[in-house]
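These notes are about the structure you will find just below.
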Amino acid sequence: MKYRRILAIGDMHGHFTRLLSLFHKINFDPEQDFLILLGDYIDRGDENMRCFRWAMEMSEKKNVIALRGNHEQMMLYYYLLGGEEAGIWIPNGGGSTKRELEAWIKREPDALERSLKFIGQRPFYHQMFVDGKEYIFVHAGLKPGVSLEKQTDESLLWIREEFYNGYNGTAEVIVGHTPTPYLFPDRYTPIFLKNHITIIDTGSFLKRGKISCVDVLSGKFWQSDPD
Ligand SMILES: [Mn+2]
């Protein structure tokens, strides 16, 4: 299958209006395009479950892959594990997501079960080969020197500088996870590093932040409108 575009959308973090403004611009066509959502649908916004449920719906469509982000993982642990592992979700922005989820559960009692099942089914990465070139889509990144199959969930969902500074593989790796203005002041556009890393979390939850989508075949990108 030859795709017209291979699109990746970065962290949205509950900013549904921004997400829709971006999604309208890209004109995604499941018959011609392939789309990967890089995770972190929830937390830090005010329409967290709308983004989450949008990702749920999208994941059912042809040629769409919705990956797992560290925020979905924190939510899953909160409900499944309890104890210390569970404790990090609320301080990381889970409070508003939890309130929205509880409101949904009141209307539809199986909402929690459906949500956790959805998260549990999210892949940690997606690998594609196009014209002999390898692309790896993952929320955070890869631990340098470790094969794709041997990466831990911890690395795939949480790694930052060690990956940006140490990766020297031949695959193009497309990630979200670290907002671009945290790496370069006032930068709200995707970063294309020399060592085959594309970072497309452009700080959706920040005042001047955006949600971004990159076509990895052409390097073209689209961004959400300001509020
Ligand atoms: Mn994130």
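Taken together, the values in this text are just the output of simple stated rules run on the coordinates, not laboratory data. For clarity, every value in this text was computed on a predicted model and none was experimentally measured. Every residue, glycine as well, gets a Cβ built from its backbone with ideal geometry; the counts of neighbours run over all protein chains shown.
Note on the chain: GNM, Cα springs under 10 Å; of 66, 140, 111, the largest mean-square fluctuation is that of 111.
When 119, 88, 65 are ordered from fewest to most other Cβ atoms inside 10 Å of their Cβ, what list results? Walk me through the numbers on the way to the answer.
Working: 119 24, 88 14, 65 18.
Final ranking by Cβ density, sparse to dense: 88, 65, 119.
Proximity of backbone amide H atoms, modeled 1.01 Å from N, is registered between residue 211 and 224 at under 5 Å, excluding neighbours fewer than 5 places apart on the same chain.
Beyond 11 Å, what share of the Cα-Cα pairs of the stretch 167-211 remains, rounded to the nearest whole percent? Roughly 62 percent, once rounded to a whole number. Sorted fewest first by neighbouring Cβ atoms within 10 angstrom, 97, 152, 17 come out as 152, 17, 97. Between the Cα long axis of helix 111-121 and the first principal axis of the chain there is an angle of about 30°, rounded to the nearest 10.
Distance from the Cα centroid of the stretch 176-219 to that of the stretch 86-107 is 26 Å (rounded to whole angstrom). GNM on the chain, alpha-carbon springs under 10 angstrom: the most fluctuating residue among 80, 22, 101 is 80. Shown here: the chain, whose C-alpha atoms stretch 49, 37, 37 Å along the first, second and third principal axes, sorted largest to smallest. Each residue of the stretch 199-204 was assigned a 3J(HN,Hα) from its phi angle through the Karplus expression (A = 6.51, B = -1.76, C = 1.60, θ = phi - 60°), giving 10, 10, 7, 9, x, 3 Hz with x at Gly and Pro. Quotient of the Cα radius of gyration of the stretch 47-179 and 2.2 N^0.38 Å, N being its number of residues: 1.15.
Near residue 124: Cβ cut-off under 12 Å, other residues only, Lys/Arg at +1 and Asp/Glu at -1. The net charge is -2. Give me the tail of P(r) for the stretch 106-159 as a percent: Cα-Cα pairs with distance above 19 Å. Everything past 19 Å amounts to 46 percent.
Each of 128, 74 was scored by other Cβ atoms within 10 Å of its Cβ. Listed from fewest to most, they are 128, 74.
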